Amino acid sequence: MASRPAPAPKRPSQLPASKPPCTIHPSAIIADKAQITGSHTVEIGENAVIHPWARIRAEGGKVVIGKNSMVYEGATVGTVDGEDVLIGDSVNIETGAVVEARSVGDGSTVEVNAVVGKGAVLGKWCRVAPLECVEAGEQLEDFTVVYGDGRRRVDKTTKEHAEIRELKRAGQEKAVQAMRTLIPNAMAKWAG
Amino acid sequence: MAATFPYTHYACPCSNLTTPASTSISAKRTSLIPVDAPEDSTFNPHDPRANYSLSPLDRLLFCDECEEIRCQRCYGEEIIHWYCPTCLFEVPSSGVRSDGNRRSSSGEEVEEAYILQCHYCDWSSLDIGVHFSKPTKITEQLAKQRKSRTSGGSSAAEAQPLSHDETFANLATFYKEQLSESGDPQNPYSNSPYSSPNNLARIMSLYGGLSVNALKKTREKPQPMREARGEEEGMLICSFEDKATDDALLQSMQNLDWANTTTAEQRLSAPANKGARLVDALWPVATRLRTRKCRRCHFCPQYLSYPDPKLKVGNLRYKIRALALNHIPRLSIRSLQTSYPLPNPAFCLHAADLLQRQPDIQPHITRQYILTIRNPILEPIRITLATPTTTPGRVASRVTILCPSFTVGPAGDVWDEALSSSTTSMATIPSGNGGRQAAMESLTGRGADESLDRQPEAGKVWERTKNSTSVVLEIVPGALKSLPGIVPKSEKELEEDEMEEGDDVLEVPIYVRAEWEVSEEHDDAGDRKGGKRIVEADGNVKKEMAFWCVLGVGRIGEGG
């Protein structure tokens with residue numbers, strides 16, 4: 001008798017219809033309720049943490065998340081109709097932020113509810129303050145701080161003092177370690 | 001002066017203490033009440049000096065011990081404590097004296113050193129090259145570093161202008177010297193009957209004087225105070241010679257953008273920042289502390305207002321709060337003819353209503369007003385009112401109080417009022433027939449159709465509620481312009497005829513006297529006054545209180 005493959009069991013509704021091809025480092029932590037959608041590849045680096053309800057959209061292009069980086073709750077990384085999004089190492093995308101940038105340099109932080117437009121390029125060690133906006137296509141030099149009502153300044157302290165950069169990096173590692181203990185890993189759901 | 005009519009302003013008794021004004025040139029100026037009884041003189045609300053002693057009820061406090069109203073000039077403010085507005089940390093006054101009125105904040109660690117860093121924009125004190133050896137006493141460390149910077153710079157050149165702090169110190173010393181030389185009296189509350197030390201010295205010198213020095217001082221004419229004349233006295237000379245630094249500054253201001261220049265607010269934040277034109281030159285300034293103040297009567301050390309020092313409480317609570325509102329009989333006036341209730345500006349829904357001016361009062365037409373006196377204390381009081389027949393000032397209006405002497409019931413709990421409903425007798429309302437009309441009467445306080453028919457009668461109270469009594473005032477406003485006469489006026493008379501601002505406002509000064517009796521146990525002020533009270537036969541203490549107040553009725557229009 002010809003065996004017909006049994007119909008696949010109904011998936012729970014929270015899984016997206018299209019699961020993108022993911023390359024996830026075994027040490028990364030991805031929460032169960034995180035959402036990864038799209039058809040392009042998604043790469044998640046070593047020790048990265050994706051919080052619950054974070055959204056990674058690989059629909060317009062691929063998404064790469066560097067090591068020791070974190071994507072917080074409700075944040076959106078990736079474009080729907082744009083290009084690739086590359087997030088560097090030790091980067092924090094905080095709660096509610098929307099990042100559609102072409103790339104975000106190492107050590108940068110996009111703070112709560114900030115918006116980074118399509119194709120923008122953020123340098124290293126940048127900082128976008130809460131609710132700030134980076135225009136589409138805008139290029140921020142290394143060590144730029146976006147704050148106030150759209151003001152920009154150069155962060156002299158981090159630029160000129162290597163020990164400050166080292167401190168920030170170490171601080172980010174500690175934060176990542178703390179988050180790893182708090183978020184149960186559901187990486188298996190997304191791997192492979 | 002209140003913007004809306006009608007208003008009531010109360011006169012503080014401090015106006016009694018001022019010496020009578022010296023004979024002035026214009027005959028229009030009448031002096032305020034001298035120390036004698038008010039029957040001799042009238043409070044003139046149009047006097048330019050009257051504004052200093054009249055205040056609305058919400059500005060007045062009341063001293064229990066002196067049993068008098070205290071206006072803003074009669075109480076002093078003292079600081080209870082200082083606290084940081086952000087973290088509500090209380091700084092003891094010794095800390096304030098040493099550190100200045102600033103609060104220091106903590107910083108991040110860099111190796112063995114500490115820095116100040118902003119969590120928002122990532123500025124740190126390393127940008128100006130400042131780091132600290134320990135996380136405490138930051139203000140002190142900052143001050144030391146600032147001093148070493150500015151003094152290090154100026155010691156290089158000789159002709160450097162003096163620093164801001166030195167200039168300030170020189171100027172302060174100079175002014176102190178000037179004050180002592182010109183003999184300015186510092187103590188406004190001296191008890192001497194002579195109005196100034198110069199007078200006293202002059203009179204003393206007539207009798208031979210005290211000593212050689214005193215005589216010498218009186219013979220020398222005291223120099224008037226002068227201003228600083230040189231750098232050592234504290235004058236800051238602005239010179240145009242230092243073109244090079246100015247040019248460099250202008251050049252850098254052109255190159256850097258607007259965001260890099262300082263705002264006036266930043267420059268004013270600290271004396272160190274006064275000359276800083278570019279953001280790079282700003283010096284970190286600690287958070288300004290806030291204070292909590294208490295108010296004390298000037299004449300006795302009684303607290304009039306003492307807020308609760310506990311900071312964590314959400315609302316500001318008071319340990320002591322003695323408002324005039326709760327101690328003196330309160331007057332208010334309203335027109336008899338207008339509809340009831342009057343629109344209160346606080347409850348206006350549309351902005352247009354606020355701007356609507358009340359119609360002007362027509363001169364020479366008799367109008368009747370209801371004057372309501374409310375009693376805030378727990379005893380019934382006997383009120384006597386007095387007012388001059390014609391209002392003082394340029395425009396003379398005739399005022400008659402139909403019932404100048406009456407009683408007002410005590411204020412009490414709400415329960416008392418509800419339980420003893422029978423005693424809230426409206427004397428003028430006829431007994432109801434138990435129907436709807438009677439119920440309406442008890443709610444609104446008077447008969448529905450009665451108010452139209454009632455006529456004010458002399459000697460009778462208009463309306464009486466539990467703790468307030470209303471009487472009727474008849475006012476005939478005077479005309480603004482005097483009638484043209486046959487004889488043309490001389491220049492002087494024309495001058496007097498000119499209206500000054502505020503002359504068209506109809507203000508009625510009223511002298512209010514309240515008498516009441518307090519049973520001996522309840523009287524607290526008696527012990528403090530040292531047995532001054534007189535105890536009656538039945539164990540009650542007679543108390544009395546009197547003050548002037550001014551009722552603002554309205555503006556008199558043209559059309560006499």
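Just a few scattered comments:
- Per-residue [θ]222 nm for chain A (sum of -39500 (n - 2.57) over DSSP H runs n ≥ 4, rounded to 500): -4500 deg cm²/dmol
- Computed over neighbours whose Cβ is under 12 Å from that of B:ARG317, the net charge equals +4, Lys and Arg +1, Asp and Glu -1.
- Table column - 3J(HN,Hα) (Hz), region A:179-189, Karplus curve with 6.51, -1.76, 1.60, x for Gly and Pro: 5, 4, 6, 8, 9, x, 7, 10, 4, 4, 4
- Radius 11 Å from Cβ of A:PHE143, net charge of other residues (Lys, Arg +1; Asp, Glu -1): +2
- For the listed residue pairs A:LYS168/B:LYS137; A:LYS33/A:LYS189; B:LYS137/B:LYS274; A:LYS124/A:LYS159, the alpha carbons are over 20 angstrom apart in A:LYS168/B:LYS137; B:LYS137/B:LYS274.
- Across region B:69-86, computed HN-Hα scalar couplings (Karplus, 6.51 cos²θ - 1.76 cosθ + 1.60, θ = phi - 60°) run 6, 10, 8, 4, 7, 9, 10, x, 9, 10, 8, 7, 7, 10, 8, 7, x, 7 Hz from first to last residue, x flagging Gly and Pro.
- Mean Cβ neighbour count within 10 Å, used as a protection proxy, ranking A:157-164, B:252-259 highest first: A:157-164, B:252-259
- Computing FRET efficiency as 1/(1 + (r/R0)^6) for B:PHE347 and B:ALA264, where r is the C-beta to C-beta distance and R0 is 45 Å, gives about 0.70.
- As a rough footprinting exposure proxy, the listed residues B:PHE240, B:PHE168, B:PHE132 were ranked by other beta carbons within 10 Å of their own, and the order from fewest upward is B:PHE240, B:PHE168, B:PHE132.
- Classification of region A:85-192 by its C-alpha gyration tensor yields an oblate form. The axis ratio a/c (a ≥ b ≥ c) is 1.5 or more, and b/c is at least a/b.
- Here the residues B:ARG49, B:ARG226, ranked from fewest to most Cβ neighbours within 10 Å of their Cβ, fall in the order B:ARG226, B:ARG49.
- Global form of chain A, assessed from the alpha-carbon gyration tensor, a/c cut-off 1.5: prolate
- Treating r as the C-beta distance of B:THR390 and B:ALA546 and R0 as 25 Å, the FRET efficiency rounds to 0.70.
- Pairs exceeding 26 Å between alpha-carbon atoms, taken from A:LYS19/A:LYS67; B:LYS466/B:LYS542; B:LYS134/B:LYS310: B:LYS134/B:LYS310.
- Mean per-residue shielding of peptide A:150-156 is 3, counting Cβ atoms of other chains within 10 Å of each Cβ.
- Partner chain coverage, peptide B:121-128 - average Cβ within 10 angstrom: 6
Values quoted throughout were computed directly from the atomic coordinates according to the rules given, and no laboratory measurement underlies them. This one's a predicted model, so the numbers in the text were calculated from it and none came from an experiment. Backbone-built Cβ (ideal geometry, glycine too); neighbour counts: all protein chains shown.
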